[in-house]
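Only one structure is covered here, and it is reproduced in the block below.
The values are calculated or read from the model by the stated rules, or taken from the named source; none is laboratory data. In this text the structure is predicted, and so the values were computed from the model without any measurement. As a convention, Cβ positions derive from the backbone with ideal geometry for all residues, glycine included, and neighbour counts pool all protein chains shown. Note: accessible area is taken over every heavy atom of the protein model, side chains too, but ligands, DNA and RNA are not part of it. Shrake-Rupley method; radii C 1.70, N 1.55, O 1.52, S 1.80 Å.
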Amino acid sequence: MKEIVVVGGGFAGLWAAAGAARMAETLGKAVHITLVNRDAQHSIRVRNYEDDLAATLVPLREVLDPIGVTLQIGNVVDIDTHGKSVRIESDGKFITTRYDKLVLASGSKLERPPIVDVDVFSFDVDTYAQAHRLQEHIASLHARAPHPGQYTAVVVGSGATGVELACELPARLRAAAVASGIPDAAQQVRVILVDSNEKIAGHLGGAQAVIEQSCRELGIELFPHATVKSLGGYGLTLNSGQHIDTSTVVWCAGMRASELTTCFSGKRDVHGRLMVDAYMRVQGMDDVYAAGDVAHALIDGEHPSVMSCQHARPMGRYAGHNVVCELFGEDLLPLHIDWYTNIIDLGPAGAVYAQGWDREVVAIGEQAKQTKQVINRERIYPPRNGNRADIFDAASTELQRPPVLEPLSRA
C-alpha cells in the first residue's frame with residue numbers, strides 16, 4: 001500500500017491529511033496516511049492572544065479517526081529524502097517511517113533576537129503552552145510583593161499578534177490588579193507596544209491609522225522606532241537608553257519556518273520557507289510537498305503566501321489533494337487565490353477589517369469584530385461531529401471566498 005506521511009498537525013497539516021484521504025476515497029484507491037504531530041491536539045493558534053484558552057485545542061483524533069488517518073505522536077528529528085523516511089522520537093524511543101510521498105507542514109516558530117536571557121525573562125503566545133504560561137503569570141501578579149512596574153506589560157512587535165494581544169492586556173492586567181485588594185492598584189496598569197519600525201503596525205497598510213487610534217483610545221502607549229537592548233525580571237532597557245519597569249514582557253516579533261526545512265536541499269526564502277510551485281511541490285525535490293508556514297508559494301502568481309491560517313488551510317488541502325493525484329497519475333490542481341483579507345481584533349475597540357494587498361479598510365468597530373469572531377470561532381475549526389462526509393466536505397479544494405460582513409446585532 002502506498003504511504004503518505006504528513007508532518008505537522010496545524011492548519012496546513014491537518015487539512016493536507018484530510019485532503020489526501022478525501023481524494024483517495026474519490027479515486028477509490030487504498031493509501032495509508034500518517035500524520036505526525038508533537039502532541040494529540042490541533043491548536044487554533046491564532047486565538048492564543050485571548051484570555052480564555054479553553055476552546056483553542058481540538059483533539060486531532062476527533063478529525064482523523066473518522067477519515068482513517070493514523071496519528072503518530074512524536075517529534076520528527078530527521079527526514080531522509082534519499083531513503084524516503086522520517087525519523088520520529090516518541091516517548092524516548094525512535095521510530096522510522098517510510099513514505100512514498102511526504103507533505104511537510106511543520107509550521108513556524110517565534111524567533112527571538114540574540115539578547116541575553118530573552119528566553120528567560122520574556123513571554124510569548126506562539127504556542128498553547130506559552131500562552132498558558134503568560135495567562136498564569138498575569139493571574140499571579142497580585143500575589144507578589146509590590147514593586148515598580150508590577151502591572152506594566154510591554155509587548156514587543158506590532159504585527160497582528162502583537163496588536164491583538166496589546167489590546168487585550170489592559171483588561172487582563174486590571175483584573176489582576178483588582179485581585180490584589182489594594183485600592184489604587186488598577187491605576188498602575190500600563191500597556192506599552194514597542195516596534196522597530198517608524199510607525200506602530202506600519203506594515204499593515206490602510207489599517208494602520210485605525211489600529212493606532214484604537215490603541216491610543218485604550219490607553220496603550222506606543223513606542224515606534226524602538227528596540228530592546230536588554231531585559232531582566234523587573235524591567236527592560238531600550239536602545240535609546242530608556243528603562244521601563246515591568247514584570248511582563250511579551251515577545252511578538254519575528255517568525256521563522258520550522259527547522260525541518262533544513263532537511264531539504266531546495267531553495268529557501270528569508271524566513272526559511274521552502275519554495276513550492278502552484279501544486280505545493282517543493283522545487284528541486286521529488287515526492288515532497290510543503291504547505292503552510294514552511295512553504296513560499298506565489299499565491300496568486302505574484303504575491304508570496306502569508307504565514308497565517310488564511311493561506312495555510314487551502315495550501316494544505318491542495319497539497320493533500322495533489323499528493324494523491326501524483327501517486328495515481330491524475331492531473332494536479334494548481335492553487336490560485338486572487339484575494340487577501342486581514343481582520344485584526346482590537347479588544348474593546350472592536351476590530352478592523354481590511355481587504356487586498358494594500359489592506360483597504362472596509363469595516364471597523366463592532367461590525368468587523370463580529371466577522372472576526374465568525375472566522376476565529378467557527379470558520380477555521382474542523383467539523384467536530386465525527387461525521388466522515390462533513391470532514392471530507394471541509395477538505396474540498398473549493399476555496400472559501402472572503403467572509404461576508406456580518407450585520408450588526410440589534411440585541
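Amide H to amide H, which residues 5 or more places from Ala363 or on other chains are under 5 Å from it, using H placed in the peptide plane?
Tyr353
Of the residues Ala179, Ala20, Ala319, which exhibits the maximal mean-square fluctuation in a Gaussian network model of the chain defined by a 10 Å Cα contact cut-off?
Between Ala179, Ala20, Ala319, it is Ala179 that shows the largest mean-square fluctuation.
How large is the charge dipole for the chain, taken about the Cα centre, if only the Cβ atoms of Lys, Arg (+1) and Asp, Glu (-1) carry charge, to the nearest 20 debye?
400
For region 1-147, what relative contact order do you get, as a whole percent, if you take Cα pairs closer than 8 Å and at least 6 residues apart?
Reported as a whole number, the value is 27 percent.
For the chain, give the share of DSSP beta bridges that are antiparallel, in percent and rounded to the nearest 5; count only bridges with both residues there.
Antiparallel: roughly 55 percent of the beta bridges in the chain.
Could you work out the Rg to Rh ratio of region 134-184, with Rh taken as the Kirkwood radius (inverse of the mean 1/r over all Cα pairs)?
1.00
If you roll a 1.4 angstrom probe over the protein chains with everything in place, what fraction of the accessible area of the chain belongs to carbon and sulfur, to the nearest %?
Exposed carbon and sulfur together represent 48 percent of the surface.
Please give the solvent-accessible surface of Ser196 in Å², to the nearest 10, using a probe radius of 1.4 Å with every protein chain present.
Spelled out: Ser196, probe radius 1.4 Å, area about 70 Å².
Sorting check: for 69-76, 244-251, 152-159, which peptide has the highest mean count of neighbouring beta carbons within 10 Å, and how do the rest follow?
Result, highest mean first: 152-159, 244-251, 69-76.
Considering amide H positions built from the backbone, and no H for Pro or chain starts, which residues 5 or more places from Ile343, or on another chain, come under 5 Å of its amide H?
Under 5 Å from the amide H of Ile343: Ala354.
Could you tell me which of the pairs Lys267/Lys372; Lys2/Lys93; Lys229/Lys369; Lys199/Lys372; Lys229/Lys267 are separated by over 31 angstrom between their Cα atoms in the structure shown?
Details: Lys267/Lys372 35 Å; Lys2/Lys93 25 Å; Lys229/Lys369 36 Å; Lys199/Lys372 24 Å; Lys229/Lys267 33 Å.
Correct reply: Lys267/Lys372; Lys229/Lys369; Lys229/Lys267.
Under the rule of -39500 (n - 2.57) per DSSP H run of 4 or more residues, summed and divided by the residues of the chain, what mean residue ellipticity at 222 nm is obtained, to the nearest 500 deg cm²/dmol?
-8000 deg cm²/dmol
Mind pulling the angle between the C-alpha long axis of helix 365-374 and the longest principal axis of the chain? Nearest 10 degrees, somewhere in 0 to 90.
Long axis of 365-374 versus the principal axis of the chain: about 40 degrees.
Can you pull out the GluC sites (Glu not before Pro) in region 151-225 whose DSSP state is coil and whose Cβ has at most 15 other Cβ atoms within 10 Å?
Passing both the DSSP loop test and the Cβ count: Glu198.
Considering only protein heavy atoms, with the full assembly of protein chains and a 1.4 angstrom probe, order Trp15, Trp339 by accessible area, largest first.
The residues order as Trp339, Trp15, largest area first.
Leaving out ligands and nucleic acids, note down the accessible area per residue over the chain with a 1.4 angstrom probe, in whole Å².
Normalised by residue count, the accessible surface of the chain is 44 Å².
Work out the length of the dipole vector of region 272-411 about its Cα centre, built from +1 on the beta-carbon of each Lys and Arg and -1 on the beta-carbon of each Asp and Glu, and round it to the nearest 20 debye. It would help to have the intermediate numbers written out before the result.
Values: 13 positive and 19 negative charges, 144 e Å.
Its charge dipole is roughly 700 debye.
Just to be sure I understand the curve: with the Debye formula and one point per C-alpha of region 188-316, what is log10 I(q)/I(0) at q = 0.20 Å⁻¹?
Each listed q corresponds, in turn, to -1.06.
Return the tail of the calculated pair distribution for the chain, meaning the percent of Cα-Cα pairs more than 26 Å apart.
Result: 56 percent of Cα pairs exceed 26 Å.
Anyone know which of Val294, Val362, Val120 comes out most mobile in the 10 Å Cα GNM of the chain?
Judging by the Gaussian network model, the answer is Val120.
Taking Cα atoms, how many degrees apart are the long axis of helix 309-327 and the longest axis of the chain, rounded to 10 and kept between 0 and 90?
10
Under 8 Å for C-alpha pairs, at least 6 residues apart: give me the relative contact order for the chain, rounded to a whole percent.
Working: 913 pairs, mean separation 79.0, N = 411.
For the chain, the relative contact order is 19 percent.
Non-local amide H neighbours of Leu57 (under 5 Å, H modeled in plane, Pro and chain starts lacking H): which ones?
Correct list: Ile44.
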